[in-house]
Each structure stands twice: as C-alpha cells, then as structure tokens.
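Notes for the one structure printed next.
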Amino acid sequence: MRLPRSRFLLGLVALFCLASPPTAQASAPAPLGGGSVLQSGAASRCTAGFAAVSGKVGYLIASSACGKPGDTIRSAGRVVGVVLGAQVPPNGAIVIRVTNTTDWRLVGSIPPADSRVTITGSVEAPVGASVCKYGATTGWRCGTILAKNVSITFPEGTLTGLTRTSVCAEPGDSGGPFVSGTQAQGVLVGGSGNCSSGGTTYFVPVNRALSAYGLTILTG
C-alpha cells in the first residue's frame with residue numbers, strides 16, 4: 001500500500017528529529033570570591049579573602065601564603081589568574097588578577113556558593129567589635145577585635161599595621177576574609193593556637209590592601 005505523500009513527509013520529519021543529537025550547552029561560569037579555595041602549584045591550599053575590581057577587571061585579595069608574584073592560581077583544578085607584583089615593603093596581602101572569565105564570575109558574597117554574607121562595604125570596625133572569619137578548613141569562626149596597628153615577625157620579615165583578634169584558625173584558612181556584619185575587614189595572615197583549644201589571629205586591614213593596589217571592594 002502506498003502512503004499518501006503528506007504522511008510520508010511527517011514520518012520523515014519525525015525520524016530526523018529522533019536521530020538528531022541534542023545541542024550541547026556551555027556551562028555558566030561558577031561563582032568566585034571571598035572564601036573560595038585557592039592553590040598555587042603543589043602548595044597547600046589557602047582561602048581567598050575578597051573580590052575587588054578596577055574598572056572592568058576583576059581581582060581577588062588573599063594573603064602572601066597563597067602565592068608569590070607571577071604564580072598561576074587555581075581553584076577546583078581550573079585556572080583563576082596570576083598574582084601581581086607584591087607591594088614593597090610587603091603588607092602581607094597579595095592581589096590575583098582574574099584572567100579566566102570563562103569558568104569564573106566574581107561575586108561580592110562569602111562564601112560564593114551559598115552567599116551567607118553579602119558584602120556591602122569596607123567600613124573599619126573598632127577594637128571590641130565582633131568579627132567573623134571564613135576559612136576553607138574551619139568555615140565560619142567568630143570572636144572580637146583585640147588590638148590594632150600590631151606588628152608581628154615571620155621568618156620572611158616583619159609585618160606592621162595588623163589587627164589582632166580572638167578568632168581561631170587552622171592551616172588552609174590563610175588569606176580568608178574577616179567581616180564585621182556585612183563590612184569587609186581584612187585577610188588572615190597569621191596566628192597561633194587552633195579551633196579546638198582556642199587561638200589568636202592577625203589580619204591585614206582590607207582597606208590598606210585596596211589602597212595599595214588601587215582597587216575597589218566588590219559588593220553584592
């Protein structure tokens with residue numbers, strides 16, 4: 001029996017649709033910002049402090065433990081960008097220029113995945129104020145600002161103008177962001193103790209790092 005021409009054409013269209021493979025869709029860039037886990041080469045992981053911008057170019061502020069000038073920084077196995085030249089004298093913070101905008105999009109929230117804290121500015125909190133830190137190892141930990149303009153000596157040299165807090169930290173938290181409410185405060189550069197017995201930590205004030213590199217904090 002010969003099919004009518006109209007039925008033949010409909011059958012051909014249906015067969016073509018079934019045989020055609022689905023069109024691949026590019027995945028959207030993942031959020032990147034304060035609290036993101038970073039890695040430089042085979043070095044131990046650290047934590048990004050805050051996202052910042054200069055014009056249309058994006059940056060991450062972290063501690064010098066996250067890498068040295070010229071290092072390529074990765075997160076989750078994907079390139080993030082390159083560490084810029086350090087300030088002289090060093091202030092304990094580094095700035096990473098985000099070059100991979102295909103895989104990443106900067107966000108002004110911490111941590112980027114669940115946006116628990118959305119940054120609204122960088123107004124400096126006084127001594128005695130409550131402050132919280134996010135680290136890749138210990139998550140959110142809170143305490144109090146104990147002192148400002150503190151100097152501490154590391155094997156690499158002495159850092160000045162730091163803020164001391166009662167917040168604990170552990171390896172992997174280095175570079176992580178301190179906030180007071182929704183205001184960015186600084187990035188973790190050192191400390192003592194741990195989160196089992198308690199500890200003391202120090203951060204570089206974020207406004208100092210922003211000013212040194214000519215950046216603006218990225219808000220939510």
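No value in this document is a laboratory result; all are computed from the given coordinates. Keep in mind the model is a prediction, meaning the values are calculated, not measured. Every residue, glycine as well, gets a Cβ built from its backbone with ideal geometry; the counts of neighbours run over all protein chains shown.
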Total charge of the residues flanking THR138 in space, meaning their Cβ is under 11 Å from its Cβ, with Lys and Arg +1 and Asp and Glu -1, is 0
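Tell me the mean residue ellipticity at 222 nm calculated for the chain from its helices only (DSSP H runs of n ≥ 4, each -39500 (n - 2.57), averaged over every residue, nearest 500).
Estimated from H runs of four or more residues: -3000 deg cm²/dmol.
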Evaluate the relative contact order of region 84-171 (contact order divided by residue number), counting alpha-carbon pairs under 8 angstrom at least 6 apart; express in whole percent. 20 percent
ILE73: net charge of surrounding residues, Cβ under 15 Å, Lys/Arg +1, Asp/Glu -1, itself excluded? +3
Which of SER122, SER40, ALA62, positive extreme of dipole for region 29-129 (C-beta unit charges): SER40
Prolate/oblate/rounded label for region 56-155 (Cα gyration tensor, a/c 1.5): oblate
To the nearest 10 degrees, the tilt of helix 5-19 (Cα long axis) against the first principal axis of the alpha carbons of the chain is 30 degrees
Region 98-220, Kirkwood Rh and Cα Rg, ratio Rg/Rh at 0.96
According to the square roots a ≥ b ≥ c of the eigenvalues of the Cα gyration tensor, what is the shape class of region 151-219, taking rounded for a/c under 1.5, prolate for a/b larger than b/c otherwise, and oblate for the remainder? oblate
Restricting to Cα atoms and excluding each atom paired with itself, what does the Kirkwood estimate give for the chain in Å? 18.6 Å
For the chain, what proportion of DSSP beta bridges, expressed in % and rounded to the nearest 5, is antiparallel? 95 percent
